[in-house]
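The values are calculated or read from the model by the stated rules, or taken from the named source; none is laboratory data. It should be emphasised that the depicted structure is a prediction, and the values quoted were computed from it without experimental measurement. Positions of Cβ are backbone-derived with ideal geometry, glycine not excepted, and every protein chain shown enters the neighbour counts.
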Amino acid sequence: MPEQRILLRSHLGVDFTRLDDYIKHGGFAMWAKAQTLGPAGVTAEVKASGLRGRGGAGFPTGVKWGFLPNDGRTRYLVVNADEGEPGTFKDRYFLELDPFRQLEGILLACYAIGAHVSYIYIRGEYWNSKKVTQDAIDQLYAAGWLGKNIQGSGFDCDVYVHSGAGAYICGEETALIESIEGKPGMPRLKPPFPANYGAFGMPTIVNNTETLASVPVILEMGGQAWSDLGSPRNGGTKLVGVAGHVKNPGLFEVPMGTPMREIIYDLGGGILDDRAILAIIPGGSSCPFLTAEDLDVPMDFDSLKSKGSMLGTACITVMAEGLTDLLEVMRRITGFYEHESCGQCTPCRQGTGWLYAIADKMCKGQADESHIDLLISACNNIDGNTICAHGEAAAWPIRSIAKKFRPQLAAEIAKRAAARA
Ligand SMILES: Cc1cc2nc3c(=O)[nH]c(=O)nc-3n(C[C@H](O)[C@H](O)[C@H](O)COP(=O)(O)O)c2cc1C
Ligand code: SF4
């Protein structure tokens with residue numbers, strides 16, 4: 001079995017939403033170690049671990065922390081718990097079942113970067129996540145693990161839960177910051193980057209929930225040891241989801257670089273009715289699609305990039321031959337990105353509408369093969385021409401389907417057009 005559980009726990013009978021239980025099983029032990037290492041030492045361990053952001057882009061976390069300017073301004077840590085990427089269900093594990101893991105990571109990160117306030121931005125639909133996380137925060141304040149002079153250390157730290165209102169675009173870090181400030185969630189032009197001009201115009205680090213939940217483990221094992229768990233330049237273990245046409249869908253944890261085949265077949269139990277695989281989305285619907293030929297790709301940032309796709313959130317969606325209507329898949333995906341576009345830049349606002357309109361025509365038997373080229377052309381006009389990566393997120397998966405599955409699409413388009421005639 002490829003699974004290696006370090007972040008995920010399987011302690012039957014232990015309730016990790018209770019602070020007593022969390023501490024009994026080693027929780028917050030890394031606070032004392034952090035005091036010995038000092039802020040620079042904590043950052044050095046995170047750098048040595050090679051931890052790369054688990055929100056999808058894979059930027060090295062320790063390097064990002066180092067970007068904060070030393071200009072005496074107030075600093076913030078913003079936690080991205082928006083988890084809006086379709087097919088993704090990994091951060092919810094921490095938010096609902098092991099909330100102190102993330103909160104310990106937040107405290108350690110605040111200490112490392114010199115922030116005294118952190119905002120956890122939780123996806124609007126995640127009612128239970130907000131409840132459990134807030135309850136955990138309340139327990140920490142009551143026990144002196146948050147607030148003033150934490151455990152007599154002289155370090156102050158306040159943590160607030162901020163609820164989203166159901167907009168996918170608020171997962172983009174600058175839209176998220178705007179939303180925290182009480183404004184509509186519209187991405188900002190970058191630069192300036194949040195490290196210089198973030199929440200309330202102050203230097204801000206935005207990190208994903210899983211990224212921060214990994215920090216206590218990194219301190220416990222030591223950065224180098226944690227790095228050695230994964231593949232070169234892709235340190236540690238990673239939560240992976242497996243969903244779609246598989247026999248055993250769920251959330252698992254594997255060393256970075258585990259072949260996708262092992263994740264889908266050994267952990268996900270293989271394909272329903274033992275069918276062949278038609279298509280795979282490796283990490284949320286923004287990723288270019290893969291095919292069965294790519295099954296042996298190691299699940300890490302660099303390997304998936306070399307296949308023309310992305311690790312993304314590492315929550316895999318598997319689509320089987322005979323069970324998948326690719327035209328409908330395109331209609332669903334294009335409809336989602338059109339609906340979620342914030343509308344402030346033309347190629348995304350108009351282009352996502354075009355993508356949906358074309359996919360809709362294909363589904364309704366109102367298209368011919370030339371519409372596949374029109375779809376690719378619309379994707380090309382969006383890609384690289386927008387304020388934020390929502391444009392690419394809309395264009396990349398559709399262009400990959402149009403290019404990789406052209407014969408299947410053309411046959412289905414012709415079939416539907418004939419049925420309609
Ligand atoms: C349209 C869009 C949606 C995003 N949604 C999320 C999200 O739900 N959760 C997340 O952690 N990152 C999301 N991101 C990535 C964030 O902008 C940012 O890269 C991430 O929070 C940085 O944290 P990390 O370095 O720990 O990965 C999204 C990006 C884009 C362009
Ligand atoms: S790319 Fe789309 S979501 Fe991003 S800023 Fe432009 S219109 Fe808004």
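Being within 16 Å of ligand 2 (Cβ to nearest atom) and surrounded by fewer than 20 Cβ atoms within 10 Å (Cβ to Cβ) is the filter here, so list the residues in the stretch 43-63 that pass it.
A57
Considering only the stretch 336-347, how many residues are surrounded by fewer than 16 Cβ atoms within 10 Å (Cβ to Cβ) and closer than 14 Å to E85 by Cα?
Final tally of qualifying residues: 1.
From (1) in contact (Cβ under 8 Å) with a residue 24 or more places away in the chain; (2) within 16 Å of ligand 2 (Cβ to nearest atom); (3) buried (at least 16 other Cβ atoms within 10 Å of the Cβ), pick out the condition that doesn't hold for I316.
(2)
Is there any pair linking a residue in the stretch 98-110 that is farther than 13 Å from L7 by Cβ and not assigned by TED's automatic domain parsing to the domain that holds L212 to one that is in a loop (DSSP other than H, G, I, E, B) and among the acidic types (D, E), with Cβ under 9 Å and at least six apart or on different chains, and which?
From the stretch 98-110, no pairs qualify.
Given the conditions (1) outside the structural domain of C170 (by TED's automatic domain parsing); (2) polar (S, T, N, Q); (3) under 18 Å from Y93 (Cα atoms); (4) surrounded by 24 or more Cβ atoms within 10 Å (Cβ to Cβ), report the number of the one that T258 does not fulfil.
(3)
For the stretch 191-211, give me each residue that is near ligand 1 (Cβ under 10 Å from one of its atoms) and not polar (S, T, N, Q). Talk me through it step by step, then tell me what you get.
Filtering the stretch 191-211 for residues near ligand 1 (Cβ under 10 Å from one of its atoms) gives 194, 205-211.
The answer is P194, I205, V206, E210.
Working carefully through the options S179, S214, find the one that is assigned by TED's automatic domain parsing to the domain that holds P39, small (G, A, S) and either out of contact with any helix residue (DSSP H, G or I) (no Cβ under 6 Å at 6 or more places or on another chain) or away from ligand 1 (no atom under 16 Å from the Cβ) (or both).
Details: S179 fails: either out of contact with any helix residue (DSSP H, G or I) (no Cβ under 6 Å at 6 or more places or on another chain) or away from ligand 1 (no atom under 16 Å from the Cβ) (or both).
The unique qualifying residue is S214.
Please specify each residue of the stretch 24-40 satisfying the condition of being surrounded by 15 or more Cβ atoms within 10 Å (Cβ to Cβ) and assigned to a helix (DSSP H, G or I). Quick ask: steps written out before the conclusion?
The initial filter retains those residues of the stretch 24-40 that are surrounded by 15 or more Cβ atoms within 10 Å (Cβ to Cβ), namely 27-28, 30-31, 33-35, 37, 39.
Listed by number, the residues that qualify are M30, W31, K33, A34, Q35, L37, P39.
Is there a residue being within 16 Å of ligand 1 (Cβ to nearest atom) and either in a helix (DSSP H, G or I) or touching a residue at least 40 places away in the same chain (Cβ under 8 Å) (or both) anywhere in the stretch 265-280? First the steps, then the outcome.
So in the stretch 265-280, the residues within 16 Å of ligand 1 (Cβ to nearest atom) come out as none.
Looking for residues that are within 16 Å of ligand 1 (Cβ to nearest atom) and either in a helix (DSSP H, G or I) or touching a residue at least 40 places away in the same chain (Cβ under 8 Å) (or both), one finds none in the stretch 265-280, hence no.
Tally time: how many residues in the stretch 355-407 are away from ligand 1 (no atom under 14 Å from the Cβ), part of a loop (DSSP other than H, G, I, E, B) and more than 20 Å from G87 (Cβ to Cβ)?
Adding up the residues that qualify gives 7.
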